Amino acid sequence: KQEVTQIPAALSVPEGENLVLNCSFTDSAIYNLQWFRQDPGKGLTSLLLIQSSQREQTSGRLNASLDKSSGRSTLYIAASQPGDSATYLCAAASGSARQLTFGSGTQLTVLP
Amino acid sequence: KAGVTQTPRYLIKTRGQQVTLSCSPISGHRSVSWYQQTPGQGLQFLFEYFSETQRNKGNFPGRFSGRQFSNSRSEMNVSTLELGDSALYLCASSPPDSTEAFFGQGTRLTVV
């Protein structure tokens with residue numbers, strides 16, 4: 001059974017800092033790994049999708065990496081802004097390709 | 001292109017009642033998945049439908065059911081509501097050529 005863990009559970013940084021969010025998974029037989037952002041009381045916004053054959057994906061200030069052999073993914077956020085404050089969730093697609101197993105999230109606060 | 005639409009956004013029901021939630025996927029998406037999000041358990045997979053057939057089911061009691069129509073719209077039903085069913089219910093759709101999941105804003109169900 002796939003298990004996904006995210007560390008840290010919460011993170012507070014000053015504006016402008018670069019930061020890394022971590023995600024680990026127990027079953028390396030994944031189809032892909034997806035990073036989401038969730039604002040309070042809202043749905044999930046897809047940030048980046050990394051296919052199992054890829055090592056990283058980039059979108060603007062965001063860069064996500066995937067290391068299947070070690071069961072790890074990281075989300076790098078450059079030059080953080082207060083608008084980046086949200087909960088960040090990673091999800092591994094395994095077994096049925098569209099069944100996602102989610103981590104518990106990292107709550108990020110970027111202080112002005 | 002419109003995103004995933006979930007209705008209603010908020011619901012208050014009494015214990016023992018039943019409830020039906022609706023999800024309209026992004027145009028062209030034929031896969032629809034449902035997830036339950038609670039503070040204690042996080043995001044958990046309920047079931048996935050593709051072309052009107054349930055392809056995968058999570059570990060939830062039989063009170064939770066769903067269906068998909070020929071236009072790919074999906075409904076989920078919860079019967080004999082319990083206080084513990086209070087949660088944010090999220091629907092996601094995926095395009096035919098990708099496993100990337102796109103989520104709606106969710107339906108907030110409160111059982112009193």
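The values are calculated or read from the model by the stated rules, or taken from the named source; none is laboratory data. Since the model is a prediction, treat every value here as computed from it, not as a measurement. Note: ideal-geometry Cβ built from the backbone for every residue, glycine included; neighbour counts use all protein chains shown.
Looking at A:Arg72 and the list (1) within 30 Å of B:Thr5 (Cα to Cα); (2) within 12 Å of the chain's Cα centre (by Cα), which single condition is not satisfied?
Answer for A:Arg72: the failing condition is (1).
So if I check each of A:Gln57, A:Gln99, A:Gln34, which one is free of Cβ contacts under 8 Å to residues at least 12 places away in the same chain, crowded, with 21+ Cβ neighbours inside 10 Å and within 12 Å of chain B (Cβ to nearest Cβ)?
Only one candidate qualifies: A:Gln99.
Considering only residues that are surrounded by fewer than 16 Cβ atoms within 10 Å (Cβ to Cβ) and at pLDDT 95 or above, which ones fall in the stretch A:60-69?
Correct list: A:Gly60, A:Arg61, A:Asp67.
Going by the structure shown, is B:Gly62 more than 22 Å from A:Ala91 (Cα to Cα) and without any contact (Cβ under 8 Å) to a residue 24 or more places away in the chain?
yes
Can you pull out every residue in the stretch A:7-31 that is surrounded by fewer than 21 Cβ atoms within 10 Å (Cβ to Cβ) and touching a Leu at 6+ places or on another chain (Cβ under 9 Å)?
Those that are surrounded by fewer than 21 Cβ atoms within 10 Å (Cβ to Cβ) and touching a Leu at 6+ places or on another chain (Cβ under 9 Å): A:Ile7, A:Pro8, A:Ala10, A:Leu11, A:Ser12, A:Val13, A:Pro14, A:Glu15, A:Leu19, A:Val20, A:Asn22.
Provide a single number: the residues in the stretch B:43-58 that are more than 10 Å from every other protein chain (Cβ to nearest Cβ), of a type outside the set (D, E, K, R) and more than 13 Å from the chain's Cα centre (by Cα).
Selection size over the stretch B:43-58: 2.
Which of the following residues is out of contact with any Phe, Trp or Tyr (no Cβ under 8 Å at 6 or more places or on another chain) and away from chain A (no Cβ under 13 Å): B:Pro95, B:Pro61?
Being out of contact with any Phe, Trp or Tyr (no Cβ under 8 Å at 6 or more places or on another chain) and away from chain A (no Cβ under 13 Å) holds for just one of B:Pro95, B:Pro61, which is B:Pro61.
May I ask you to list the residues in the stretch B:66-92 that are within 10 Å of the chain's Cα centre (by Cα), closer than 29 Å to A:Ser52 by Cβ and among the polar types (S, T, N, Q)?
B:Ser74
Taking interchain pairs and intrachain pairs at least six residues apart, which have beta carbon atoms under 8 angstrom, with the first residue in the stretch B:101-112 and at positive phi and the second surrounded by fewer than 19 Cβ atoms within 10 Å (Cβ to Cβ) and at pLDDT 95 or above?
B:Gly106/B:Arg9
Given (1) more than 27 Å from A:Ser94 (Cβ to Cβ); (2) in contact with a His (Cβ under 6 Å, 6 or more places away or on another chain), identify the lone condition not met by B:Ser93.
Failing condition for B:Ser93: (1).
Taking the stated definitions as given, is B:Gly40 closer than 27 Å to A:Glu3 by Cα, free of Cβ contacts under 8 Å to residues at least 12 places away in the same chain and more than 14 Å from every other protein chain (Cβ to nearest Cβ)?
So B:Gly40 fails the test.
Pick from A:Thr58, A:Thr87, A:Thr74: which is closer than 22 Å to A:Ala29 by Cβ and among the β-branched types (Val, Ile, Thr)? It would help to see each step written out before you state the result.
On the way: A:Thr58 fails: closer than 22 Å to A:Ala29 by Cβ; A:Thr87 fails: closer than 22 Å to A:Ala29 by Cβ.
Sole residue among the options that is closer than 22 Å to A:Ala29 by Cβ and among the β-branched types (Val, Ile, Thr): A:Thr74.
Residue-wise test of (1) more than 30 Å from B:Gln54 (Cβ to Cβ); (2) modelled with pLDDT under 95.
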{"site": "A:Thr5", "(1), (2)": "no, no"}
{"site": "A:Thr26", "(1), (2)": "no, no"}
{"site": "A:Ile30", "(1), (2)": "no, yes"}
{"site": "A:Lys42", "(1), (2)": "no, yes"}
{"site": "A:Ser53", "(1), (2)": "no, yes"}
{"site": "A:Glu56", "(1), (2)": "yes, no"}
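Go through the stretch B:1-37 and give me each residue that's among the aromatic types (Phe, Trp, Tyr) and either under 12 Å from the mean Cα position of the chain (by Cα) or under 30 Å from A:Thr5 (Cβ atoms) (or both).
Across the stretch B:1-37, the qualifying residues are B:Trp34, B:Tyr35.
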